[in-house]
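K.L.:
Could you have a look at this structure, given as structure tokens, before my questions?
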């Protein structure tokens, strides 16, 4: 298990989880044969692998920024069973364990609007309606991702649940950005298409140190190898090109990277071994 808290320059960065779930291993690794990926992520009897619903909390000392919100509390029972969702205490509870309340969050950045990344954006209000979970936060979403979420293709429709993002607009908590965008000094949304056409990562910089939240471009440390791309990705060639571009920069500039779905590893560094990219998980002394 890697550390779940880092000092990045003058910032504090926390790894927090909404829980765990199970997805088909073949779908998670695309064209890579099972004989290879099962060495990294052994599957259960139904060919599923155990994954985390990871977020990061960035505390700059002035504002607090949460990146992605997991599945959240309102997934239908049949889907909870289908994904064998494990969600105790959930993201709000995980934040409370490190001393933060939902009211303390100033910004929420969604890498994209698939339900396992934005389901915790909203929760049920006193009258049963969906309201923003983080009532003081401004939610940052790429404009083209928002438009895709409102009108997804037939292939993508099962991944977008309007109740997780439409209430943000109704309650005046939505901010749409276009392309690379600075959210606050030191925190930037960075376009990295591939998984979706408007997927974004998050770059965090303070006092010469950099952390890069990979989102679903590289969901786990087991996906660092260039061919290890999910079959869920709409544009796998773009995913591969972006992985190559960002990995080279990560090694040159000694970035820390953060993983969205790794069940054990929040943070690591990209390295090269025998001509292939690998992940070096951070340990407590890193």
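K.L.:
How do 86, 182, 145, 252 line up, fewest other C-beta atoms within 10 Å first? Don't jump to the answer; show the numbers that get you there.
P.N.:
Details: 86 15, 182 11, 145 25, 252 8.
Ranked by crowding around the Cβ, least crowded first: 252, 182, 86, 145.
K.L.:
Moving on. Taking the Cα-to-Cβ direction at residue 182 and at residue 136 and moving 7 Å from each Cα, how far apart do the two end points lie in nm?
P.N.:
Here the answer is 2.4 nm between the modelled labels.
K.L.:
Let me ask something else. Given a Förster distance of 22 angstrom, what is the FRET efficiency for residue 5 paired with residue 88, based on the Cβ-Cβ distance and rounded to 0.05?
P.N.:
Between residue 5 and residue 88 the formula returns 0.60.
K.L.:
Order by neighbour count: 165, 115, fewest other Cβ atoms within 10 Å first, most last.
P.N.:
115, 165
K.L.:
If you don't mind, another one. Please compute the modelled spin-label separation between residue 40 and residue 96, points set 7 Å along Cα→Cβ, answer in nm with one decimal.
P.N.:
If labels sit at residue 96 and residue 40, their model points lie 3.6 nm apart.
K.L.:
From the helices alone, meaning DSSP H stretches of at least four residues, give me the mean residue ellipticity at 222 nm for the chain, per-run term -39500 (n - 2.57), in deg cm²/dmol to the nearest 500.
P.N.:
-5000 deg cm²/dmol
K.L.:
Give me D for the chain in µm² s⁻¹, whole number, from Stokes-Einstein with Rh from the Kirkwood sum over alpha-carbon pairs, 25 °C and 0.890 mPa s.
P.N.:
After rounding, the answer is 130 µm²/s.
K.L.:
Can you sort 202, 131 from fewest to most other Cβ atoms within 10 Å of each residue's own Cβ?
P.N.:
If I rank by nearby Cβ atoms, fewest first, I get 131, 202.
K.L.:
For the chain, give me the percentage of DSSP beta bridges that are antiparallel, rounded to the nearest 5 percent.
P.N.:
Details: 44 of 57 bridges.
Percent antiparallel among DSSP bridges in the chain is about 75.
K.L.:
With just the Cα atoms of the range 1-128, tell me how far they stretch along each of the three principal axes, in Å, largest first.
P.N.:
On the principal axes, the range 1-128 reaches 48, 43, 24 Å in Cα extent.
Values quoted throughout were computed directly from the atomic coordinates according to the rules given, and no laboratory measurement underlies them. Fair warning: this is a prediction, and the values are worked out from it, not measured in the lab. All Cβ positions, even for glycine, are placed from backbone atoms using ideal geometry, and neighbour counts span all protein chains on display.
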